[in-house]
Amino acid sequence: MPGRAKRTLQVMAGAEHGGAEMACVDFCATLVREGYEVGAVTRPNTIRDPLLRDAGVQIYHLPFGGFADIYTPWALSRIVQKFQPRIVQSWMSRAAQKIRRWRPGMNCPPYTTISRLGGYYKLKHFPQTDVFTTITPDIKDHLIKSGVAPERIRHINNFAETETPERPASRAEMDTPEDAFVFLSLSRLHRAKALDTLLQALADARDKQMMLWIAGEGPERAALEALSADLGLSRQVRFLGWRTDRAALLQAADACVFPSRYEPFGTVFVQAWAQQCPLIVSAADGPRQFVKDGEDGLMFPIDDVTRLTAQMIALKADPSLRAALVKAGQARYTAEFTRDVCIGQYIDLYNELTAHLKT
């Protein structure tokens, strides 16, 4: 069993479905492979719990209620006393509000609190945080402007490795012809993800050979299915539900479209690079900071249906463009977003922080 210096507790309240939630699962599993003893404090979830358990993560379930929830902070403190981590890391604001900074008399060895930020949260939610990590440069700048000392912040990219499939997803199982040109969206079905814009662009393309796979779940599913029917797209659109075979879907698709209205980062565009799938993104905050338009992806203004339609038509029509985007995207992924690059930066930070803690 690893020593206490390599023991970390990851705290994630989490929605039923979401990209940050899956990023937390991937992160925990990777730390286990790097020799860490990892505990995860989270709400019960039928998808994530088995993945965490299979990875060797110790799971603790708490409710993570609202302001009146006094049980979760108390129970979390008891878990910390039992698990004795050296790093307690929260994901998003609700989890951060439930953790407590170490102080003498807590009946456990000293630990450091880290808050991993994937959005532009208000600083009032993080009174117990010692160190922040941010997944984009803009979020780091946001913290500095909010009054956080720069030495308390590290920008560390999300890594975006997906599972290794034996083969691409089966088009036949998705009722999709082999000669169709398939666009894939991996997304929570929420208004912020602008899937209505994507459906309208597909309709405006007036190309029956184009098909769209929408992999995800969320509150907008019924509205999006109704819109698809209203636009006459029932034969071209497949709603796949929440999937855990992201890489297999990306390998089976001809292109990935990421049309979000609001996206502080957006792991999907990196996953597309990793799986060598040509990419179209909106100019939302996250993609805008990383994707180079015309070089490693095609970009369109948020909610610009006309421009998105043109990008979809151009990508389908030009194999050499697709090949160039794939080559450049793969290079970006290898240099900046692999598991080894990103988790190595976290391990360096953990080592730096735990070196100053008394045993």
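None of the figures in this text is laboratory data; all of them are computed from the coordinates on show. Since we're looking at a predicted model, the values are computed, not measured. All Cβ positions, glycine included, derive from the backbone under ideal geometry; neighbour counts span all protein chains shown.
Annotations for the structure displayed:
- The simple Förster model, with R0 at 41 Å and r as the Cβ-Cβ distance, assigns GLN330 and ALA5 a FRET efficiency of 0.70.
- Estimated distance in nm for a label pair at LYS208 and ALA180, the labels positioned 7 Å out from Cα along Cα-to-Cβ: 1.3
- Stretched out straight at 0.36 nm per residue, the stretch from ASP254 to ARG235 would grow longer than its current Cα-Cα span by 5.1 nm.
- Long-range HN-HN contacts of THR134 with modeled amide H, under 5 Å: LEU117, ARG154, HIS155, ILE156
- At 0.890 mPa s and 25 °C, Stokes diffusion of the range 39-169 via Kirkwood alpha-carbon radius, µm² per second: 150
- Proxy reagent accessibility, fewest Cβ within 10 Å first, across ARG48, ARG191: ARG191, ARG48
- FRET efficiency for the pair GLN276 and HIS356, taken as 1/(1 + (r/R0)^6) with r the Cβ-Cβ distance and R0 = 41 Å, rounds to 0.45.
- Going by neighbour counts of Cβ atoms within 10 Å, the residues LEU76, LEU9 line up, fewest first, as LEU76, LEU9.
- Fully extending the segment from ALA172 to ALA222, taken as 0.36 nm per residue of separation minus the present Cα-Cα distance, adds 15.6 nm.
- Virtual paramagnetic centre 7 Å along Cα→Cβ of GLN84, amide N under 11 Å, in the range 100-140: 108-110
- Distance distribution note for the range 215-341: the fraction of Cα pairs above 19 angstrom is 52%.
- For ILE70, ILE214, ILE59, order by how many other beta-carbon atoms lie within 10 Å, fewest first: ILE70, ILE59, ILE214
- Relative contact order (percent, whole number), the chain, Cα cutoff 8 Å, 6+ residue spacing: 14
- Between the entries (1) -0.85, -1.03; (2) -0.76, -1.02; (3) -0.66, -0.96, the label attached to log10 I(q)/I(0) by the Debye sum over Cα atoms at q = 0.11, 0.13 Å⁻¹ calculated for this structure is (2).
- Ellipticity at 222 nm from helices only: DSSP H runs of n ≥ 4 in the chain, each -39500 (n - 2.57), divided by the residue count, give -11500 deg cm²/dmol.
- Restraint check, LYS82/LYS145; LYS145/LYS327; LYS6/LYS193; LYS124/LYS193; LYS6/LYS327, Cα-Cα greater than 30 Å: LYS82/LYS145; LYS145/LYS327; LYS6/LYS193; LYS6/LYS327
- For ASP304 and ILE70, a Förster radius of 35 Å and the Cβ-Cβ distance give a FRET efficiency of 0.15, rounded to the nearest 0.05.
- Counted as membrane-span-like here are DSSP H helices of the chain whose alpha-carbon atoms extend 20 Å or more along the helix's own axis and whose Kyte-Doolittle mean is -1.0 or above; these are 19-33, 319-336, 339-354.
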